[in-house]
Every structure is written in structure tokens, then in C-alpha cells.
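What follows is a set of notes on a single structure, which appears directly below.
The values are calculated or read from the model by the stated rules, or taken from the named source; none is laboratory data. Because the structure is predicted, anything quoted here is derived from the model rather than measured. Neighbour counts are summed over all protein chains in view; Cβ atoms, including those assigned to glycine, are modelled from backbone coordinates with ideal geometry. Heavy atoms of the whole protein, side chains included, go into the accessibility calculation; ligands, DNA and RNA do not. Shrake-Rupley method; radii C 1.70, N 1.55, O 1.52, S 1.80 Å.
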Amino acid sequence: VDSVNDGMDRSAWPRNRLLRVVQYAEALAILAGEHRQRRTRAWSLDCEAFYRMVGRQRRELWRNAMFLPNGVQLDERCCFGDASAATKCARASNLIVKAVRAALQAFDEEHPTRDPAWADWQSRRRAAAAVCGEEASEWAALHWFGMYVDDGLGGSADDLLFNVDGVAVFTSLGEQQRRAAAHYDVVRCVLQRFGWDSATSKELPPCLCLTALGVDIDLLDGRLRLEAGKRLRYAAAVESALAARLVSAKAY
């Protein structure tokens, strides 16, 4: 075959449904409200060396053999650029998402909101879930988390934190803690439980504006925009297509 990727029969692979940034934005919009009346924060993190932490089955090791001047090198871990790695690692991501959501739900049950706006929102969301026959805990969750392979994207209510007895929770600096920051710490702990660290250079703690998957998300004005570099690349591609006499779908 011309390449390792060309030698793979992809027809047998399970369908790999990846997160779309519009789904993340929709979740943030539901939390914040139509006029962004509820204090909401977005956050993101990236699993460090995500592929390199995932091993191979023996039947897949042939994909990792490299011929070098001094012999053959065999790497038993997933390699970036391998077409199968995204599919395999996304399944690991699904497991992490499930674990993170369970951990956040448990945390919120131990720290119920005492903010009137959020309490009212939860009440209305539970009623709407009942009408639709859906799980109320998911509809009224004070958090959202998803992953695009190794990119973790989240959103949280940012109310002041109290424990289940109504006692305020404070940070080591003596300030009352907010839910979004606590959620961020919970997620990092879950990742470590699975053997991954969050890449500190790519961490974006709770904030109002961030860039996710090449799209700028702004909670201040409730808008999505392609990030500046991507807008320039798209514009150049459009100009190139307009100047060409013949354009193929594959090229663009």
C-alpha cells in the first residue's frame, strides 16, 4: 500500500461521532439564558499527550513499525497521524466524558445552588423534562462537558458555593468559592484518575470568552465567530476558487 492509513479497512470501524462547536455553544446559551441573565462561565482544557497514553492491541502493532537506517523501531502506543487513532481515542474520550459528568453531578448534589436565579431555572428545567419524559437531572444540571478527541470543553453556573447544610465554602485565600472554578478542579482530578494530565499551556480556566475548535465563543454578547486566522485562510481559499477555471470538491 502507499501508506499505513491506506492499508486500513475503515468500513469496519464504528461510527465516530465527534463533538461540534455549535453543540457546545448551545449548551452555554441554555445555561446563560436568552439575555445572559445568569452568571455562566466557559472553560476548556487539553489532555497532554492524549494519543501517547493509549496502547495498541497486538493485531494493530504492524501499523507502528518504522524502518530506520539502523533497523526497525516498534512503538506500541498510538501515533499522531494514524487514521485509526482518532476513532479509538474518541471512544476513550466518551468514557472520560461520562465519568466527568458523573463527578460534576455528584459535586453539585453536595453543593446545591442557593442563587435564586439558578434555583428558579432548575425548577423550570425539571418541569420541562417531565413534560418531555426526559431525565430531570440532565436537564437541570448546572454544568456541561464534552470532548473533541483530546480537547475538553465545559460550561458551568458561576454562583457562590455552599455545602448541602448551607455553609459557605471558602478557598485557601479566604474568598468564597464559585462553582465554575470548583468544577474545573473536579474535571482535572477525573483526568488524572484516568492517567492523563491537563496540558497547562492550553488550560483556559472559567472565563467569558474563549476559542474552541477554531471558533471564538463570546458570552458577553452571545456570539460565535471564526477565529481570525481561520477567517483569513477561508478568504484566501475563496479567492483561489474564484480565480480558478475549474474547482474540485476534494481540493476545497
For this session: Note down the nm distance, to one decimal, between modelled labels 7 Å out along Cα→Cβ at Asn5 and at Ala130.
Result: 5.2 nm
Problem set entry | Helix 83-110 vs. the chain, principal-axis angle (Cα, 0 to 90°, nearest 10) | 10 degrees
Problem set entry | Computed lengthening from Glu110 to Phe194, 0.36 nm per intervening residue step minus Cα-Cα distance | 27.9 nm
Seminar exercise, completed: Longest principal axis of the chain (C-alpha) makes with the long axis of helix 116-132 (C-alpha) an angle, in degrees to the nearest 10, of 60 degrees
Problem set entry | Given charges at beta-carbon only (K, R positive; D, E negative), |dipole| of the range 47-202 in Debye | 700 debye
Exercise. At a 1.4 Å probe radius, carbon and sulfur cover how many percent of the accessible area of the range 55-136?
Worked result: 53 percent
Seminar exercise, completed: Highest GNM mean-square fluctuation among His143, His111, His183, for the chain with Cα springs under 10 Å, belongs to His111
Problem set entry | Estimated FRET transfer efficiency when R0 is 25 angstrom, pair Arg77-Ala102 (beta carbons, to 0.05) | 0.35
Exercise. What shape does the range 106-252 have by the C-alpha gyration tensor, where a ≥ b ≥ c are the square roots of the eigenvalues, rounded means a/c under 1.5, and otherwise prolate means a/b greater than b/c and oblate the rest?
Worked result: prolate
Exercise. Separation between the Ala241 and Arg17 pseudo-spin-labels, each 7 Å from Cα along Cα→Cβ, expressed in nm?
Worked result: 2.8 nm
Seminar exercise, completed: Over the range 130-252, with neighbouring protein chains present, the accessible area per residue in Å² at probe 1.4 Å is 59 Å²
Problem set entry | Simple label model, 7 Å out from Cα along Cβ direction - Leu68 to Glu34, nm | 6.2 nm
For this session: Compute the FRET efficiency between Asp120 and Val167 as 1/(1 + (r/R0)^6), taking r as their Cβ-Cβ distance and R0 = 30 Å, and round to the nearest 0.05.
Result: 0.85
Exercise. Roughly speaking, to the nearest percent, how much of the range 141-252's 1.4 Å accessible area is carbon and sulfur?
Worked result: 56 percent
Seminar exercise, completed: For the range 92-214, whose charge dipole is built from +1 on Lys and Arg Cβ atoms and -1 on Asp and Glu Cβ atoms, the candidate among Ala182, Gly214, Val169 with its Cα farthest towards the positive end is Gly214
Seminar exercise, completed: Per principal axis, largest first, the Cα atoms of the range 179-252 extend in Å by 55, 33, 18
Problem set entry | Listed residues Ala117, Ala86, Ala130: farthest to the positive end of the dipole of the range 75-168 (Cβ charges) | Ala130
For this session: Enumerate the aspartates and glutamates that Lys230 could reach by cross-link, defined here as Cα to Cα under 16 Å, with residues fewer than 8 away along the same chain left out.
Result: Asp216, Glu239
Exercise. Using alpha carbons only, how many degrees (0 to 90, rounded to 10) separate the axis of helix 179-193 from the longest principal axis of the chain?
Worked result: 40 degrees
